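The values are calculated or read from the model by the stated rules, or taken from the named source; none is laboratory data. These numbers come from a predicted model, not from an experiment. Ideal geometry is used to build each Cβ from the backbone, glycine not excepted, and the neighbour counts take in all protein chains shown. Calculation scope for accessible area: heavy atoms of the full protein, side chains included, ligands and nucleic acids excluded. Shrake-Rupley method; radii C 1.70, N 1.55, O 1.52, S 1.80 Å.
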Amino acid sequence: MTDFHYKVEKKDTCTTVFLRGDLVNDVKPSFESLEALFETRELIFDCEALGKINSIGVRHWLMFLDRISKAHEFRFRSCREGFMDTATMIPGFTRNRPIESFYTNIACASCSNEKSVLVKVKKKKAVKPDPVTCEKCGNNMETSENFDDHIANLAV
Ligand SMILES: [Zn+2]
């Protein structure tokens, strides 16, 4: 049985699709039943709860995005690190649609404490997260990502 689920919330002219679970081998029927629910032109994919991604899952994902491209505008938000890594490795993973926000890891230079923070994208630039104080030792936690490159790579 598939571990992949979705929840659809329609609001005026935009539908938000909450994706949950793993993007792996058996996602095809889920995508087919999902796209049958789309009633608005505009779609937002919320990827907060998306888990692991494998190559067969990517293939079904791309076929799904291509099928809906003609009738829908779409963008992504709350993309997890795994999603961003895949998007960086596989050209066209987002079909060059905008990413509104994504998670990145920040780490404490003093005690190696790590956590994930949400980064918003504004005017095609990722807004670097505000400095976060490490709750373990009180030093600053910072990201090692180069944000300009990160977003440029994704051709938003
Ligand atoms: Zn620390």
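Taking the stretch 121-137 as the region of interest, how many residues are open to solvent by 50 Å² or more (accessible area, probe 1.4 Å), in a loop (DSSP other than H, G, I, E, B) and within 11 Å of the ligand (Cβ to nearest atom)? Step through it out loud before you land on a result.
Residues of the stretch 121-137 open to solvent by 50 Å² or more (accessible area, probe 1.4 Å): 122-125, 127-128, 130-131, 133, 135-137.
Keeping just the survivors that are in a loop (DSSP other than H, G, I, E, B) gives 123-124, 127-128, 130-131, 135-137.
Remaining after also requiring within 11 Å of the ligand (Cβ to nearest atom): 135-137.
So the count comes out to 3.
Every condition in (1) within 18 Å of the chain's Cα centre (by Cα); (2) open to solvent by less than 80 Å² (accessible area, probe 1.4 Å); (3) over 18 Å from SER69 (Cα atoms) holds for ASP26 except the one numbered (1).
Take the residues in the stretch 75-120 that are over 12 Å from the mean Cα position of the chain (by Cα) and more than 16 Å from the ligand (Cβ to nearest atom); name whichever of them is least open to solvent (accessible area, probe 1.4 Å). Quick ask: steps written out before the conclusion?
In the first step, residues of the stretch 75-120 are kept if they are over 12 Å from the mean Cα position of the chain (by Cα); the result is 89-92, 95-96, 105-117.
Checking the rest, the ones that are also more than 16 Å from the ligand (Cβ to nearest atom) come to 89-92, 95-96.
Working: MET89: 141, ILE90: 55, PRO91: 114, GLY92: 22, ARG95: 68, ASN96: 94 Å².
Per the criteria, the residue is GLY92.
On the stretch given as the stretch 78-120, residues that are among the acidic types (Asp, Glu) and assigned to a strand (DSSP E or B) total 1. Restricting attention to the stretch 132-150, does a residue exist that is modelled with pLDDT of 90 or more and among the small types (Gly, Ala, Ser)? So far as the stretch 132-150 goes, yes, one or more of its residues are modelled with pLDDT of 90 or more and among the small types (Gly, Ala, Ser). Filter the stretch 1-23 for residues that are at pLDDT 95 or above and polar (S, T, N, Q); which is most open to solvent (accessible area, probe 1.4 Å)? Once the filter is applied, the top-ranked residue is THR13. Only a single item in (1) touching a residue at least 40 places away in the same chain (Cβ under 8 Å); (2) farther than 20 Å from LEU118 by Cβ is not met by GLY92, and it is number (1).
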